[in-house]
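Enquirer: Take a look at the following structure, please.
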Amino acid sequence: MPEKRNIMEQLCKIMIFVTLGTQKIPFVRLLSAVDELIESEHITEEVVAQTGHTEYTPRNFKNVKFLDEATFQEMISKSSVIIAHAGSGALFNALKWHKKIIACARLYKYGEMIDDHQTELTRKLTQEGYILDGTYSLTEAWKKLPDFRPRKNNFSCTISELIHEMIKKGM
């Protein structure tokens, strides 16, 4: 558990949290784009990524494969910016904290997903003013971030909350 302890020690410094979720399909494209973004935009804030099943060695940020739910929520709450794969769980978790979010949809053409359904969710949430879309250019989305004011929301992921409660009760 030293990996988790080191991440927790860094919480007070975290500014940018990257999350890839827990899907067993790698998302190297996003992690590579984060490395490039840090270099091209001279980002000096702390960046930490939850990488899941993606095998990638970051050049410019810390990473941990998986986080328990409490630590995941704490990472989101302590971050000023979230860069997330466009899974509904990751996005709605970040939205409930009213954070600036850049979503990057996994794309079929790169073998990152079985279809392009994540682009639909990303497009709709971007059109409604909740998030920025970094699917095709993380750098372009990043440049919009200073002026971006996310629309306030009252999203609630009732199904997700019910599932978590059932798991806790051992059902």
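Enquirer: From the backbone phi of region 110-122, what are the Karplus-calculated ³J(HN,Hα) couplings (6.51 cos²θ - 1.76 cosθ + 1.60, θ = phi - 60°) in whole Hz, Gly and Pro given as x?
Expert: 9, x, 8, 7, 6, 7, 9, 4, 5, 5, 5, 5, 4
Enquirer: Still on this structure: What is the Cα centroid distance between region 11-54 and region 69-88, reported in whole angstrom?
Expert: Centre-to-centre (Cα) distance: 11 Å.
Enquirer: Provide the gained length on full extension for the span Phe66 to Tyr136, in nm with one decimal, where the gain is 0.36 nm per separating residue minus the Cα-Cα distance. Don't jump to the answer; show the numbers that get you there.
Expert: Values: separation 70, 0.36 × 70 = 25.20 nm, distance 2.55 nm.
That works out to 22.6 nm of additional length.
Enquirer: Also: Got a sec? What order do His53, His42 fall in by accessible area at 1.4 Å, biggest, i.e. largest, first?
Expert: On the way: His53 70, His42 145 Å².
The residues order as His42, His53, largest area first.
Enquirer: Could I ask something else about it? Which GluC sites (Glu not before Pro) in region 54-93 sit in a loop by DSSP (not H, G, I, E or B) and have at most 13 other Cβ atoms within 10 Å of their own Cβ?
Expert: For GluC sites (Glu not before Pro) across region 54-93 that sit outside H, G, I, E and B with at most 13 neighbouring Cβ atoms in 10 Å, the list reads Glu55.
Enquirer: Over the Cα atoms of region 47-135, what is the Rg over Rh ratio if Rh follows Kirkwood?
Expert: Values: Rg = 13.1 Å, Rh = 13.7 Å.
Rounded to two decimals, Rg/Rh equals 0.95.
Enquirer: Between Arg149 and Arg123, what is the FRET efficiency for a Förster distance of 30 Å, r being their Cβ-Cβ separation, to the nearest 0.05?
Expert: Numbers: r = 19 Å, r/R0 = 0.64.
Once the sixth-power term is evaluated, E becomes 0.95.
The values are calculated or read from the model by the stated rules, or taken from the named source; none is laboratory data. Computed from a predicted model, the values in this text were never measured in an experiment. With ideal geometry, Cβ positions are generated from the backbone for all residues, glycine too; neighbour counts draw on all protein chains shown. These accessible areas exclude ligands, DNA and RNA; they are computed on the full protein's heavy atoms, side chains included. Shrake-Rupley method; radii C 1.70, N 1.55, O 1.52, S 1.80 Å.
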